[in-house]
Amino acid sequence: MEVGMGRFERCLPRLQGRLRRAAFLALDMEFTGLHSTFPQNNDPSLFDSPAERYLKARQSVQRFTLAQLGLAIFSNENSNKYVVHSYNFFLFPSSWGAMDVEFTVSASSIQFLSHYGFDYNKFLRDGIPYMNEVQEKIFSQHLLAGSWNASSALDRDVLKKAIDEVTCWIAAAEEEETMILQDLDGHQMFEVQLVLRQALRNVWTQPLGDKKVMVKKVSPQQRQLLENTRYDRCQKELILLSARGFTNLFQTLVKAKKPLVGHNMLMDLMHLHDKFYKPLPESYEEFKKNIHNLFPVLIDTKTVTKSIWKKWCFPRVSNLLEAYTVLCSSNLNLQDSTCPVITLAKDCSRYAENKYPHEAGYDAFLSGSVLLKSAHLLLCRPTDDAVEADPSFSQYLTVLAKYLNKVNLIRGSVPSINFSGEDAPCQRPPLLIVHVRGWPGLNERQIYEEFKALCRFDVRRLAENQFILLSNKFKELVLRDYKHHRHLRVSVYRHWRHSPAVNCLLRVSGIVALWSLLAFVLGGAPCCS
């Protein structure tokens with residue numbers, strides 16, 4: 001189901017109720033960009049420690065924004081049956097009052113999402129607003145102070161037109177007469193009322209819905225009475241509630257403390273923190289601590305499926321949809337009576353009929369389904385014995401225990417980030433070192449192009465004529481094929497032999513030893529008379 005700004009507030013109470021009753025939640029996001037090209041050398045690398053990768057990703061998260069958030073709510077109706085309500089939320093940063101958020105768009109990301117049918121008009125015109133705690137504090141201060149200024153040129157034009165219309169009308173109007181302002185979108189409904197009430201003490205306003213606001217001429221005494229009524233639809237608390245937008249649902253999600261499922265979900269978690277909670281901290285450990293406090297149980301299906309695929313040698317897959325297809329295959333014998341039955345709710349039934357890859361709501365549904373099928377596989381496969389009773393979700397969590405809170409790290413020095421403890425030690429294959437002879441001006445990019453046909457290496461310059469190569473898998477054939485190369489000599493990197501720091505230390509030690517020896521020889525023993 002698609003949800004934009006126009007229907008979000010009406011749906012919010014029902015959404016909050018479903019969140020609280022859910023067995024678990026699955027999440028997916030689409031962004032205006034993924035990896036920022038500024039500054040240079042910001043691409044993910046196998047050389048990155050988790051903390052270094054976090055700092056790189058943080059720069060990207062601060063530059064890009066969310067375009068769509070998918071949330072799949074899995075409810076355990078009875079025994080092994082799960083009913084799924086999957087939602088696509090189009091999001092757009094709040095631009096209320098003086099707030100004006102800047103973000104970057106990546107051309108490749110726009111083309112990618114457009115290829116898969118993403119509707120940018122819905123993102124731009126009907127995106128649900130949101131704000132984090134810092135933005136909310138600034139917004140509240142402006143609201144309470146009554147200092148309301150529109151930052152958007154469009155909003156300023158709308159406000160000017162409304163003020164002109166009301167000013168012309170009110171000069172000849174009698175008390176109790178009314179007029180209607182039309183074609184006011186979203187927050188403009190509130191902004192127009194706030195500005196009119198602030199500028200004219202003899203008017204009262206009331207939203208009518210359908211993009212309309214009623215303006216009524218009243219006496220100062222009547223205005224004072226109306227301002228103190230609890231039925232005022234323009235109370236500052238209600239304005240703040242509307243300006244928070246999707247953040248209201250995020251806060252319910254945090255309070256519910258349900259297991260949160262995703263696929264390669266590190267960037268999703270970073271955007272959740274930055275856009276709805278607080279700006280991302282510089283400290284990697286503080287980020288981990290904050291996320292664990294917000295979401296005590298995280299399950300990354302990429303971490304789970306990587307382990308399962310190694311254990312049972314399933315057909316190789318490259319994305320979430322392919323993993324889902326393999327797990328649904330009858331060859332796995334997961335169609336027994338105890339296997340979880342996953343049913344889409346009526347308003348989401350199109351996901352049962354067709355595939356919608358890279359639509360956030362569909363990918364969220366896939367993530368949750370992959371989790372259930374993987375958990376059932378882990379529960380049943382060790383002995384291949386039939387499960388006696390319908391497994392509960394708590395049994396699935398038990399069998400998934402070693403994967404909890406371990407979020408996959410793509411091409412990093414460790415396989416995953418542990419949000420509930422210390423990260424695993426670095427697990428890298430041997431480094432290779434390339435010695436360059438007779439090939440001046442060679443750079444990292446040229447070295448990468450030279451070796452990419454054999455293996456995908458990450459390259460880092462060690463010295464003027466030396467480069468370090470690192471890959472996910474050690475490739476003996478690289479050593480063999482370049483054994484007699486004219487310009488490049490490849491060998492296994494040895495820290496004590498190849499490290500510039502160690503070499504420098506050895507040289508300095510050698511010089512010191514030599515001078516000590518010379519001093520001893522020249523100083524010598526005292527001469528005998």
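Descriptive notes on the structure:
- Of everything listed in (1) on the phi > 0 side of the Ramachandran plot; (2) surrounded by 18 or more Cβ atoms within 10 Å (Cβ to Cβ), the single unmet condition for Met270 is (1).
- Restricted to the range 94-111, and to residues there that are open to solvent by less than 10 Å² (accessible area, probe 1.4 Å) and on the phi < 0 side of the Ramachandran plot, the residue that is modelled with the lowest pLDDT is Trp96.
- Pair list, Cβ under 7 Å, 6 or more apart: the range 1-26 residue closer than 29 Å to Thr301 by Cα and of a type in the set (D, E, K, R), other residue assigned to a helix (DSSP H, G or I) and open to solvent by 20 Å² or more (accessible area, probe 1.4 Å): Arg20/Ala256
- A single entry from Lys211, Lys255 fulfils the requirement of being in the same structural domain as Ser75 (by the TED database) and open to solvent by 80 Å² or more (accessible area, probe 1.4 Å): Lys255.
- Residue match in the range 233-248 (condition: assigned to a helix (DSSP H, G or I), modelled with pLDDT of 95 or more and of a type in the set (Ser, Thr, Tyr)): yes
Here is a yes/no grid of residues against (1) modelled with pLDDT of 90 or more; (2) open to solvent by 20 Å² or more (accessible area, probe 1.4 Å); (3) hydrophobic (A, V, I, L, M, F, W, C):
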site: Ala375; (1), (2), (3): yes, no, yes
site: Ala401; (1), (2), (3): yes, yes, yes
site: Ile417; (1), (2), (3): yes, no, yes
site: Glu422; (1), (2), (3): yes, yes, no
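- Qualifying residue in the range 57-66 (condition: in contact (Cβ under 8 Å) with a residue 40 or more places away in the chain, within 20 Å of Asp363 (Cα to Cα) and not β-branched (Val, Ile, Thr)): yes
- Taking the range 429-448 as the range and being surrounded by fewer than 15 Cβ atoms within 10 Å (Cβ to Cβ) and over 31 Å from the mean Cα position of the chain (by Cα) as the test, the residues that pass are Pro430, Arg437, Gly438, Trp439, Pro440, Gly441, Asn443, Gln446.
- Any hit, the range 58-66, residues being part of a strand (DSSP E or B), under 23 Å from His273 (Cβ atoms) and of a type in the set (A, V, I, L, M): yes
- Condition met for Leu194 (among the hydrophobic types (A, V, I, L, M, F, W, C), farther than 29 Å from Arg156 by Cα and open to solvent by less than 50 Å² (accessible area, probe 1.4 Å)): no
- For the range 380-397, a residue qualifies if it is at pLDDT below 90 and open to solvent by 10 Å² or more (accessible area, probe 1.4 Å), and the qualifying residues are Cys380, Arg381, Pro382, Thr383, Asp384, Asp385, Ala386, Val387, Glu388, Ala389, Asp390, Ser392.
- Summed over the range 345-373, the residues that are open to solvent by 20 Å² or more (accessible area, probe 1.4 Å) and of a type in the set (A, V, I, L, M, F, W, C) give a count of 1.
- Highlighted here are the helices (runs of 4 or more DSSP H) found entirely within the range 270-380 that include at least 3 residues which are farther than 23 Å from Thr398 by Cβ and in the same structural domain as Phe74 (by the TED database): 284-294, 320-327, 350-353, 360-380.
- Residue check for Asp43: open to solvent by less than 20 Å² (accessible area, probe 1.4 Å) and among the acidic types (Asp, Glu): no
- Gln221 vs. criteria assigned to a helix (DSSP H, G or I), of a type outside the set (Asp, Glu), open to solvent by 30 Å² or more (accessible area, probe 1.4 Å) and outside the structural domain of Lys302 (by the TED database): yes
- Extreme residue, modelled with the lowest pLDDT, among residues of the range 460-472 that are open to solvent by less than 80 Å² (accessible area, probe 1.4 Å) and out of contact with any Ser or Thr (no Cβ under 9 Å at 6 or more places or on another chain): Ser471
- Of all residues in the range 61-68, none satisfies being buried (at least 17 other Cβ atoms within 10 Å of the Cβ) and more than 18 Å from the chain's Cα centre (by Cα).
- Candidates Phe74, Phe123, Phe89, Phe139, filtered to the one that is under 20 Å from Asn248 (Cβ atoms), open to solvent by less than 60 Å² (accessible area, probe 1.4 Å) and assigned to a strand (DSSP E or B): Phe89
- Condition check for Ala22: touching a helix residue (DSSP H, G or I) at 6+ places or on another chain (Cβ under 6 Å) and either assigned by the TED database to the domain that holds Asp458 or modelled with pLDDT of 95 or more (or both): no
- Within the range 473-484, considering residues that are closer than 28 Å to Pro415 by Cα and surrounded by 10 or more Cβ atoms within 10 Å (Cβ to Cβ), the one farthest from the chain's Cα centre (by Cα): Leu479
- Residue that is most open to solvent (accessible area, probe 1.4 Å), among those in the range 163-187 that are touching a residue at least 40 places away in the same chain (Cβ under 8 Å) and in contact with a Leu (Cβ under 8 Å, 6 or more places away or on another chain): Ile170
- Some residue of the range 146-158 being at negative phi and at pLDDT 90 or above: no
- Positions within the range 1-40 being in a helix (DSSP H, G or I) and open to solvent by less than 50 Å² (accessible area, probe 1.4 Å), in sequence order: Phe8, Cys11, Leu12, Leu15, Gln16, Gly17, Arg18, Leu19
The values are calculated or read from the model by the stated rules, or taken from the named source; none is laboratory data. Everything numeric in this text was worked out from a predicted model, so none of it was measured. In this analysis, Cβ positions are derived from the backbone assuming ideal geometry, glycine residues included, and neighbour counts consider all displayed protein chains. Accessible surface is based on the protein model in full, side chains and every heavy atom, while ligands, DNA and RNA are left aside. Shrake-Rupley method; radii C 1.70, N 1.55, O 1.52, S 1.80 Å.
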